[in-house]
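Participant: I am attaching a structure below and will ask some questions about it afterwards.
None of the figures in this text is laboratory data; all of them are computed from the coordinates on show. None of the values given here were measured: they were computed from a predicted structure. Here the Cβ positions follow ideal geometry from the backbone for every residue, glycine too, while neighbour counts run over all protein chains shown.
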Amino acid sequence: MLVVNEDIVVHDSEGRKIESQLVPIVDAYVDLRNYYARAYLGSNPNAVPNFWLAFTVSVPALGFSTYTVSTSKKPGAGSTRSSIYKFQMGEKPAIEVGEGDLKLTISAPPGKMINYVNKRNLVEESVDQSFSFYTGYNGSNDKAPQNSGAYIFRPNGTYPIKSEQASMTVIKGPLIHEVHQQINTWIFQTTRLYKEKEHVEVEFIVGPVPIEDGFGKEVATQIRTSLESNKTFYTDSNGRDFIKRIRDFRTDWDLEVNQPVAGNYYPITLGIYIQDKEKEFSVLVDRSLAGSSIVDGQIELMLHRRLLLDDSRGVEEALNETVCVLDDCRGLAVQGKYYYRIDSLGEGAKWRRSFGQEIYSPLLLAFAEEDGDKWMSSHTPAFSGIDASYSLPDNVALITLQELEDGKVLLRLAHLYEIGEDSVLSVMTRVELKKLFPGKKIAKVTEMSLSANQEREEMEKRRLVWEVEGEENQNPKVVRGSQVDPKKLEVELAPMEIRTFLIQFEVDLMTAAFKSTVDA
Amino acid sequence: MGVVELIGVVVLLGVLCAESKYMVYNTSAGIDGGKINVHLVPHTHDDVGWLKTVDQYYVGSNNSIQGACVQNVLDSLLPALLADKNRKFIYVEQAFFQRWWRDQSELTQSIVKKVVSSGQLEFINGGMCMHDEAVPHYIDMIDQTTLGHRFLKEEFGVTPRIGWQIDPFGHSAVQAYLLGAEVGFDSFFFGRIDYQDRIKRKKERSLEVIWRGSKSLGSSAQIFAGAFPENYEPPSGFYFEVNADSPVVQDNVDLFDYNVQDRVNDFVAAAIAQANITRTNHIMWTMGTDFKYQYAHTWFRNMDKLIHYVNKDGRVNALYSTPSIYTDAKYATSKSWPLKVDDYFPYADRANAYWTGYYTSRPALKFYVRIMSGYYLAARQLEFFKGRRNSRPNTDALADALAIAQHHDAVTGTEKQHVANDYAKRLSIGYTEAEKVVASSLACLTDSKSSIGCGDSTTNFQQCPLLNITYCPASETDLSHGKNLIVVIYNSLGWKREDVVRFPPFIFPQLLVLDIEVVMGVMVRKKLIKI
């Protein structure tokens, strides 16, 4: 047996070799690949790559960077291979992972207990993460039948999922550390830490959820901390404002509790957090999921549902998602990620908002093959659509940049923070439009309603002024960004404000001529 | 029977018919300040996919699942409106309306424009679909609303005034302040709030409130918000679809079963019951429900008669109305209203029936929608940098697919499986086209030789939509013969960004295996080795 001397090497736009890591692709992922890729190809994909290649990139605002991946025969010149450790139950009391400031110390298999330490801000917390499932209620024989189904969550008991596996695999390299846990035959979990990041990424594969026992199952994960959250948690509204929730309580009426779990579930589009006098614990999601805090200090996410009965709201089908690839039918497996982080009280908003943007807008990868090393010299390796010296303020996101059919540009800017959400960023902020459109001359900026079908001014003029009981003739004053000065072209945004503009540019005749040729 | 006798019968019939004369109904009632005003709001609720796909609902196929055909609704509506200028109708779901509009002749289109400008046909809500409010991302809600609203502005010069979220399963703060007040809506109506909340609000007459959804924007983004007393259907006994079992108004004295007084009494009783739980003397009746008005005439015929006889009776005032007319009437009363903050989640329609399962149902479809949403945002940026083409490929198909996927039986996971597949198929088709836009824009932008236009860029960029299943043919490429893999990485955020990317490269598959090395009986180390 010989060790391979050929290595993978990654270079950046300027030709510098950058650090990269090879992370093994483990069986759980190979199985997913083989099964689901067959659905697209009609046959198994040829061979299975053994590794993920991972490297750190730096990409300008609204722009791209280029990296080249090649092979090298120089020994030791290329990617660092991950070290792989397999831990058996009882062999070692705990293992530490994390190459950067964030360290997790994970107890011996099954590895439920985690000590979380951030060495930068000295936040420390013990975390206990587990899975459970609810069995779907079967109301077929009740007077008023109500099953758990596509709409309705009606659990009939909760069952902890104990890890059946006696081992745990740890993967370490310069950029990424991973802990792999095969929780049972149908749940696989990767806990992942990045050297430069201060959050924990948890990737789960759940499914096919077994139904051979005749019970539908709704699979949840619980992350427990010691935070004294006093029944209170916060969930986002459609990825925007966070709303305070109190367990078994409604602000508008005296709640009669008949479903202590289902009645405390809320939609999670961006994230959920809890806090106490010292810390806050935030979880962000990669898609909408149900979530709650069923006991103090804990956050629960519902990850997958496979049910066998209809819930009588018209759909007349059980939510029993089944995939068939050729003749091989299986319950749908779901792979996803959530992310968590623990901060000192008042410090969590910045991560929830800025990392939330990164989850919504993952980096977009495009690949091309090239013979030889000419690419960087013959192409533009890096680009930014906005002025190279500019970037949006930390509290602003560009949520629409779109050329319309008439050549005007639709632009929406969103302030990302609520009043009082962050001690620094919950303030009026400014965006310089000229810097957003380098090389173009703005002829006219028209502020529009949110759906861009009328001028904002017109809309405000005909807005009905309703009165609220108890505050007649004294609608409280709210500060908003002022009108855009056509010379300065600066947009002010108050906390949570979204402003919509139609922008006309001075017509560049060359471009116009070219466009008409292309369109013709 | 002989021929003579037969003639006699025909003559007799002719005499009888001549006696029952053509009836003109007075449907012109407006608001009467001194009475309970019953605003009859004729509407249809057309799900942009649920038990059938959006196209099946439009054309009326697959009727064994559900007898529903939106074409019938819109086709029969126009003559019904033309028959009496007092009749009104609201239409909501632009995904259907646009399908129908494209099918109409210029003549029909010009007639539709007339009934729109006269106010007989009013577009409300006006997004492509009636989006869900729990699981969509706010950017998707904005995009799908914009798509519908801009079409209405361009074709008809109208801006919808009313939010109409009558079916979604609970209601969000963002819907109230952002997709309501910030869109310029004057009010917002919905059907589903928690059963316990509803009981209390009826008692306190607080179904209608001023809703301030945002703590930060407060009263500057508040909206008049009305929850219906029961649902978005007519009061019991006032359903007039062709096959409905409510008693029709039978006012022909020459025929049996004349029932005008009974029907008027039913109407007045239902009106008073609702007025008892409503502030002001204006109440709204939502005259329609799912996929109704397939033969619009049956509804209007009965409503014409009800308005005529109820107003003749005089105890209450009945009128053809729209939510806009209703809102203006409420506003004109100069009352002040209870304040509502936060939202209406979670929703339960009775004990042990919390609609919180759908927050997770079909998590894979939910992820697909979300990842496509982020991609659409990035693709539009790149489309702008290169210069948009109105010819294909462009990002319009993805916009359309994403818009429909926000429907309250789409991303919610509450549709039949074949319909879920249809949403995913549309997203996939839309993605495939947007992927071409992204690839050609990147080819253009990386091509440094051309300063203007990108006609000659030749780079064929490949992307990896299946990276989540570890499948990426574009990166799994053989680099053994001096080839390089070029990876262009685009960041759609307005900040510089450091991040770790990962994808599977593919080198010497036949030569690489994993070797397992046991160290001290504890660790198992794997090495890359060559056989």
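Participant: For chain B, what is the calculated [θ] at 222 nm in deg cm²/dmol (nearest 500), taking -39500 (n - 2.57) for each run of four or more DSSP H residues and dividing by its residue count?
Facilitator: It lands at -12000 deg cm²/dmol.
Participant: Note down the net charge around A:ARG499, summing +1 for each Lys or Arg and -1 for each Asp or Glu among other residues with Cβ under 13 Å from its Cβ.
Facilitator: Taking every Cβ under 13 Å from that of A:ARG499, the sum is -4.
Participant: Report the calculated FRET efficiency for A:ASP101 and B:ILE65 (r = Cβ-Cβ distance, R0 = 56 Å), to the nearest 0.05.
Facilitator: The formula returns an efficiency of 0.50 here.
Participant: Same structure again: Does the protein assembly as shown come out rounded, prolate or oblate, given a ≥ b ≥ c as the square roots of the eigenvalues of its C-alpha gyration tensor, rounded meaning a/c under 1.5 and, failing that, prolate meaning a/b above b/c?
Facilitator: Prolate shape, in that a/c is at least 1.5 and a/b is the bigger ratio.
Participant: What distance in nm separates the simple spin-label points at B:VAL242 and A:VAL507, each placed 7 Å from Cα in the Cβ direction?
Facilitator: Each label point is offset 7 Å from its Cα along the Cβ direction, giving 5.2 nm.
Participant: Classify chain A as rounded, prolate or oblate from the Cα gyration tensor: take a ≥ b ≥ c as the square roots of its eigenvalues, call it rounded if a/c is under 1.5, otherwise prolate when a/b beats b/c and oblate if not.
Facilitator: Since a/c reaches 1.5 but b/c is at least a/b, the shape of chain A is classed as oblate.
Participant: Give the share of C-alpha pairs in each 5 angstrom bin for the range A:207-278, from 0 to the last occupied bin, in whole percents, shortest bins first.
Facilitator: 3, 12, 17, 21, 19, 13, 8, 5, 1, 0
Participant: Also, quick follow-up: Can you give me the distance in nm between label points at B:ARG350 and A:ASP394, each placed 7 Å from the Cα along the Cα-to-Cβ direction?
Facilitator: 5.3 nm
Participant: Another question, if that's okay. Given 0.36 nm per residue, what is the gain on full extension from A:VAL465 to A:VAL325 after removing their alpha carbon distance, in nm?
Facilitator: Taking A:VAL465 through A:VAL325 to full extension adds about 44.6 nm, to one decimal.
Participant: Using a 10 Å cut-off around each Cβ of peptide A:441-450, what is the average number of partner chain Cβ atoms that fall inside?
Facilitator: 2
Participant: How fast does the range B:309-409 diffuse by Stokes-Einstein, in µm²/s, taking the Kirkwood radius from C-alpha pairs at 10 °C and 1.306 mPa s?
Facilitator: Roughly 82 µm²/s, to the nearest whole number.
Participant: Any idea what Rg and Dmax come out to for the range B:341-489 if you just take the C-alpha atoms, in Å?
Facilitator: Both quantities, over Cα of the range B:341-489: 19.8, 68 Å.
Participant: Let me ask something additional. Quick one: net charge of B:GLY218's neighbours, Cβ under 10 Å, K/R +1, D/E -1?
Facilitator: +3
Participant: Now for a separate question. Give me the one-decimal nm value for the distance between modelled label points at B:ASN265 and B:ASN460, 7 Å along each residue's Cα-to-Cβ direction.
Facilitator: 8.0 nm
Participant: Just want the ordering: B:ASP447, A:ASP371, from fewest to most Cβ atoms lying within 10 Å of their own Cβ.
Facilitator: A:ASP371, B:ASP447
Participant: Using only the Cα atoms of the range A:91-208, build the gyration tensor, take square roots of its eigenvalues as a ≥ b ≥ c, and label the shape rounded, prolate or oblate: rounded if a/c is under 1.5, else prolate if a/b is larger than b/c, else oblate.
Facilitator: Note, shape of the range A:91-208 comes out prolate.
Participant: Pull up all non-local amide H partners of A:LEU102: gap of 5 or more, or a different chain, and H-to-H distance under 5 Å with H placed in the peptide plane.
Facilitator: Correct list: A:LYS119.
Participant: Rounded to the nearest Å, what's the spacing between the alpha carbon centres of the range A:32-96 and the range B:43-98? Just the number, please.
Facilitator: 51 Å
Participant: Something else: Considering only the other residues whose Cβ falls under 9 Å of the Cβ of B:VAL135, what net charge follows from Lys and Arg at +1 and Asp and Glu at -1?
Facilitator: Cβ neighbours under 9 Å give a net charge of 0.
Participant: Averaged across the residues of A:377-384, what count of C-beta atoms belonging to other chains lies within 10 Å of each residue's C-beta?
Facilitator: Averaged over the peptide's residues, the number is 5.
Participant: Students often forget the sequence filter, so: which aspartates and glutamates lie under 15 Å Cα-Cα from A:LYS231 once same-chain residues fewer than 8 apart are removed?
Facilitator: A:ASP248, A:ASP276, A:GLU280, A:ASP296, A:GLU300
Participant: What 222 nm value per residue comes from the helices of chain A, counting each DSSP H run with n ≥ 4 as -39,500 (n - 2.57) and dividing by all residues, nearest 500 deg cm²/dmol?
Facilitator: -3000 deg cm²/dmol
Participant: Okay, moving on. Enter the mean number of other protein chain beta carbons within 10 Å of the beta carbon of each residue in A:394-403, as an integer.
Facilitator: 6
Participant: Suppose R0 equals 22 Å; then what is the FRET efficiency for A:GLU432 and A:GLU405 from their Cβ-Cβ distance, rounded to the nearest 0.05?
Facilitator: Efficiency computed from Cβ-Cβ geometry: 0.20.
Participant: Another question, then. Per Stokes-Einstein, at 20 °C and 1.002 mPa s, what whole-number D in µm² s⁻¹ belongs to the range B:154-210, with the Kirkwood radius over Cα pairs as the hydrodynamic radius?
Facilitator: Estimated diffusion coefficient is 169 µm²/s.
Participant: On full extension of the chain, what length is gained from A:ASN44 through A:GLN88, given 0.36 nm per residue of separation minus the C-alpha to C-alpha distance?
Facilitator: Extending this stretch completely gives an extra 12.5 nm.
Participant: Which of the peptides A:273-282, B:62-71 is most tightly packed, and how do the rest follow, going by the mean number of other Cβ atoms within 10 Å of each residue?
Facilitator: Sorting A:273-282, B:62-71 by mean packing, highest first, produces A:273-282, B:62-71.
Participant: Here is a further query. Can you tell me the length gained on complete extension of the stretch A:ILE18 to A:GLU164, counting 0.36 nm per residue apart and subtracting the Cα distance?
Facilitator: Working it through step by step, the gained length comes to 48.6 nm.
Participant: After finding the eigenvalues of the alpha carbon gyration tensor for the range B:229-385, what semi-axes result from the square roots of 5 times each, listed largest first in whole Å?
Facilitator: 41, 22, 19
Participant: Based on alpha-carbon centroids, what's the gap between the range B:234-250 and the range B:110-165 in Å, whole number please?
Facilitator: The distance from the Cα centre of the range B:234-250 to that of the range B:110-165 comes to 29 Å.
Participant: Ok, one more. Kirkwood Rh over alpha-carbon pairs of chain B, then Stokes-Einstein at 37 °C and 0.692 mPa s: what D in µm² s⁻¹, rounded to an integer?
Facilitator: Using the Kirkwood radius from Cα pairs, D works out to 122 µm²/s.
Participant: How many percent of DSSP beta bridges within chain B run antiparallel, rounded to 5?
Facilitator: 35 percent
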